[in-house]
Amino acid sequence: MVKRVISDFKKQFYSSMNTAIIAAFSLLIALSWNTLITQYVNKVSSYSPLQGQLFSTIIVTLICVVGIVIASRIFAKKEEEKKK
């Protein structure tokens, strides 16, 4: 009984560590893209009559929403595959 509890704990611990490490790497990737996206949005917004933070915020929000939708669909497919 104790061995099973320890084994389950180890599996959950390693799974949590894996998730944390992936999240950390994902944050680094996002931070590296931040500069590029900010520069591009600033360049594009300089041509717009809505110059400034509002235009930048709208563009970044649209990019993020598209990314969330794509990621949600990918993970939903993986969850369906695991259930089968």
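Structure data summary
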read-out: Segment ARG73-VAL2, extension gain: residue separation times 0.36 nm, minus the distance between their alpha carbons; value: 21.7 nm
read-out: Reciprocal mean inverse distance between Cα atoms of the chain - Kirkwood radius, Å; value: 16.4
read-out: Between helix 53-83 and the chain: long-axis angle, C-alpha atoms, 0 to 90°, nearest 10; value: 30
read-out: Net charge contributed by nearby residues that have their C-beta within less than 12 Å of ARG4 (K/R +1, D/E -1); value: +2
read-out: Tilt relative to the chain, helix 2-46 - C-alpha long axis, 0 to 90 degrees, to 10; value: 10
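Taken together, the values in this text are just the output of simple stated rules run on the coordinates, not laboratory data. The structure presented is a predicted model; accordingly, all values stated were derived computationally and were not measured. Here Cβ is always computed from backbone atoms with ideal geometry, including for glycine, and neighbour counts include all displayed protein chains.
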